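Rule-based calculations on the coordinates, nothing more; no lab input. Here the structure is a predicted model, which means the values were calculated and not measured. Glycine also receives a Cβ, built like all others from the backbone with ideal geometry; neighbour counts cover every protein chain displayed.
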Amino acid sequence: MSRCPTEDLACLAGGVLLSAAAGALPFKIVPAFQEVFQSFNADMPMVTVLVLRFYPALLALPVCVIASWLLWPRKERRGRAALLLGAASVVVVPLALVLVMYLPILRLAAVTVG
């Protein structure tokens with residue numbers, strides 16, 4: 001078995017680091033919102049409840065990047081695939097968190113205004 005090229009491993013490392021950042025971000029954001037939501041005494045959307053319960057699962061993102069690298073069908077492109085997955089997670093996770101965390105606030109504002 002031949003050794004992996006340096007570029008391939010660098011892409012893997014970049015993907016793992018990006019996905020680790022995306023997985024750690026909810027630990028900074030979600031607890032702050034939990035305190036706010038507890039003061040609402042209102043029903044929250046199911047997607048928000050799920051994120052509040054299961055956000056620690058995002059710590060598995062680096063494992064997913066490594067698994068994609070190991071299982072990618074074309075070995076010459078697996079480094080790029082891992083990097084792309086890590087980059088996508090660092091973009092998608094924060095955007096999804098903002099949407100999911102502000103959804104109850106926007107819903108409550110719509111009820112108050114309406």
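What 222 nm value per residue comes from the helices of the chain, counting each DSSP H run with n ≥ 4 as -39,500 (n - 2.57) and dividing by all residues, nearest 500 deg cm²/dmol? All intermediate terms of the calculation are to be shown ahead of the outcome.
On the way: 4 runs with 91 residues, N = 114.
The helix contribution divided over the chain gives -28000 deg cm²/dmol.
Relative contact order of the chain: what whole-number percent is it, with Cα pairs under 8 angstrom and at least 6 residues apart?
On the way: 108 pairs, mean separation 50.1, N = 114.
Reported as a whole number, the value is 44 percent.
TYR102 versus ALA32, label points 7 Å from Cα toward the beta carbon: distance in nm?
The modelled label-to-label distance comes out at 1.3 nm.
Over the C-alpha atoms of the chain, what are the Rg and the largest Cα-to-Cα span, Dmax, in Å?
Cα-based Rg and Dmax for the chain come out at 18.2, 66 Å.
Going 7 Å from the Cα of PHE54 in the Cα-to-Cβ direction, what parts of region 73-114 have a backbone nitrogen less than 20 Å from that spot?
89-104
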